[in-house]
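Trainee: Could you have a look at this structure, given as structure tokens, before my questions?
The values are calculated or read from the model by the stated rules, or taken from the named source; none is laboratory data. Just so you know, these numbers come straight off a predicted model, no measurement behind them. Here the Cβ positions follow ideal geometry from the backbone for every residue, glycine too, while neighbour counts run over all protein chains shown.
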Amino acid sequence: MPGRGMSTKMKVTILVALVLALLIVGFLSGELAKSMFDATIEPLHIELEKPQLPAQPVTDPLFGDFSLTNTILAAWLTIILLVGVCYAATRKMRAVPSGLQNLVEAALEALLNFVQGVAGEKNGRRFFPVIATIFLFVITNAWLGLLPGFGSITAHGPEGEVTLLRNASTDINVPLALALVSFVVVEFWGLSAVGFSSYMRRFVNLGRLRLGMGQLLRGKLKSAATSIFSGAIDVFVGALEALSEVMRIVSFTFRLFGNMTAGEILLIVVPFLVPWVVALPFYGLELLVGFVQALIFAGLTLVFAVIAVAPHGAKQEAA
Amino acid sequence: MDAEAMKMLGAGLAVGVGLVGPGVGIGILGYGAMQALGRNPEARGAIMTNMILAIAFAEALGIYALITGIILAMVA
């Protein structure tokens, strides 16, 4: 047994030997070794669980068709964690923060700098609550899903044995809800900033078409033709803009859903192929992906909000 | 060819061909960002923000292809 007087070199050697042993044993008990050598360390071999796309219910239906799914439980856990941390950090607030208050303040300040960097001072303050909430919700969902317990604790549900907790963003309803919130909030900010008619003029731009019609009735045929032509193009571009606004909901949903589901499937398949040590870099990748997806969801909402509240003239100038 | 084989083939093609576009697109974006950064290192913040944004758009298209492949291979 290692004693107290061990040199650093000895400790490093033992550590490296341990990791190497885990690597070799892990490799030999996985599916890769099974297909290469046709044999594996049977007691350690696991079967591949089939990845499920829809969320699985954990209880019997409560009312109608609705039953608690494992993703709902995970989302509740996220909410409890976020609210609990914020509550604990603000209980005894000091002017010079320390401990948990310091951590929360640092995170919020980083977020505020990011939001104000993209949207400017005043608008940044106005957009900050929703953007920061979206960011914190997505990132907590993603990172909680990596903890042990998510995917390993099973329960008896109406559809057989299912895992009790699952990354909330792998249920397509959660990214859809976030995308709808983002859409509604961006439209609300746009409408409240420039007014209803001015905002709608982005999508329904009949100005030049009407001008062309007027010129036609007055007999100026050549200018009428060009006006009607460019008016028709304006209407078409406006309709395209409206379509792309709606398509944003779809793209937000599938970006977040796809990244989280693909990550979950990756973390199921890699330990099946080569158990133990090799899965560690993939956990690192999933940490990064969770952070980047949260940043992208919040950041894209922010960018579209900035575009929506830009005064009409400035937008045409920028475009 | 039976349905199972077609599904597997479809999944492979969906992901393989579908990810060429986003791959090339992200490469071009990175190239543009590196050039801009080389010319004007002071504008690092704006360049990085816009690059990450554009990469998110390109990557979303790749994710659509991946979802199609996953659905074909594992759910359908």
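Trainee: Name the pairs whose Cβ atoms lie under 8 Å apart, with the first residue in segment A:17-29 and touching a residue at least 60 places away in the same chain (Cβ under 8 Å) and closer than 12 Å to residue A:279 by Cβ, the second of a type outside the set (A, V, I, L, M) and assigned to a helix (DSSP H, G or I), and 6 or more positions between them or separate chains?
Mentor: A:22/A:276; A:23/A:276; A:26/A:276
Trainee: Somewhere in segment A:224-235, is a residue among the acidic types (Asp, Glu) and under 26 Å from the mean Cα position of the chain (by Cα)?
Mentor: no
Trainee: Can you name the residue in segment A:288-312 that is in contact with a helix residue (DSSP H, G or I) (Cβ under 7 Å, 6 or more places away or on another chain) and under 14 Å from residue A:146 (Cα atoms) and is also surrounded by the fewest Cβ atoms within 10 Å (Cβ to Cβ) among such residues?
Mentor: So, considering only residues that are in contact with a helix residue (DSSP H, G or I) (Cβ under 7 Å, 6 or more places away or on another chain) and under 14 Å from residue A:146 (Cα atoms), the one surrounded by the fewest Cβ atoms within 10 Å (Cβ to Cβ) is A:291.
Trainee: Please tell me if residue A:243 is within 30 Å of residue A:150 (Cβ to Cβ) and of a type in the set (A, V, I, L, M).
Mentor: In short, no.
Trainee: Let me spell it out: the conditions are (1) in contact with a Pro (Cβ under 9 Å, 6 or more places away or on another chain); (2) charged (D, E, K, R); (3) under 29 Å from residue B:75 (Cα atoms), and residue A:11 meets all of them except one. Which number is the exception?
Mentor: Every listed condition holds for residue A:11 apart from (3).
Trainee: What do you reckon, is residue B:38 more than 14 Å from chain A (Cβ to nearest Cβ), in a helix (DSSP H, G or I) and exposed (fewer than 15 other Cβ atoms within 10 Å of the Cβ)?
Mentor: yes
Trainee: Exactly one condition in (1) within 27 Å of residue A:163 (Cα to Cα); (2) in contact (Cβ under 8 Å) with a residue 60 or more places away in the chain; (3) surrounded by 12 or more Cβ atoms within 10 Å (Cβ to Cβ) is false for residue A:48; which is it?
Mentor: Just one mismatch for residue A:48, condition (3).
Trainee: Report those helices (runs of 4 or more DSSP H) wholly inside segment A:216-319 carrying at least 1 residues which are of a type in the set (Asp, Glu) and within 12 Å of another protein chain (Cβ to nearest Cβ).
Mentor: A:221-273
Trainee: Of all residues in segment A:250-262, which are crowded, with 17+ Cβ neighbours inside 10 Å and either over 21 Å from residue A:52 (Cβ atoms) or of a type outside the set (D, E, K, R) (or both)?
Mentor: A:251, A:252, A:253, A:254, A:256, A:257, A:258, A:259, A:260, A:261, A:262
Trainee: Here's something else I'd like to know. Which of the residues spanning segment A:22-55 are more than 37 Å from the chain's Cα centre (by Cα) and in a helix (DSSP H, G or I)?
Mentor: A:36, A:37, A:42, A:43
Trainee: Also: Confirm whether residue B:65 is within 12 Å of chain A (Cβ to nearest Cβ), within 17 Å of the chain's Cα centre (by Cα) and in contact (Cβ under 8 Å) with a residue 40 or more places away in the chain.
Mentor: yes
Trainee: Name the pairs whose Cβ atoms lie under 7 Å apart, with the first residue in segment A:269-297 and at negative phi and modelled with pLDDT of 90 or more, the second surrounded by fewer than 20 Cβ atoms within 10 Å (Cβ to Cβ) and among the β-branched types (Val, Ile, Thr), and 6 or more positions between them or separate chains?
Mentor: A:282/A:270
Trainee: Now, a different point. Of everything in segment A:93-120, what is within 13 Å of another protein chain (Cβ to nearest Cβ), surrounded by 15 or more Cβ atoms within 10 Å (Cβ to Cβ) and either over 16 Å from residue A:294 (Cβ atoms) or in contact with a Ser or Thr (Cβ under 8 Å, 6 or more places away or on another chain) (or both)? Give them in sequence order.
Mentor: Passing the criteria: A:116, A:118, A:119.
Trainee: Follow-up. Return the pair list, or none, for Cβ contacts closer than 7 Å from residues in segment B:25-53 that are of a type outside the set (A, V, I, L, M, F, W, C) to residues that are in a helix (DSSP H, G or I), at least 6 apart or on different chains.
Mentor: B:25/B:58; B:44/B:37; B:45/A:117; B:49/A:118
Trainee: Let me ask something else. Starting from segment A:74-89, take each residue that is closer than 15 Å to residue A:103 by Cα and list its partners that are of a type outside the set (A, V, I, L, M, F, W, C) and part of a helix (DSSP H, G or I), counting only C-beta distances under 6 angstrom and pairs at least six apart or across chains.
Mentor: A:82/A:140; A:89/A:101
Trainee: May I pose another question? Only one residue in B:60, B:14, B:56 is surrounded by 13 or more Cβ atoms within 10 Å (Cβ to Cβ), small (Gly, Ala, Ser) and either away from chain A (no Cβ under 11 Å) or touching a strand residue (DSSP E or B) at 6+ places or on another chain (Cβ under 9 Å) (or both), so which one is that?
Mentor: When all the criteria are applied, what remains is B:14.
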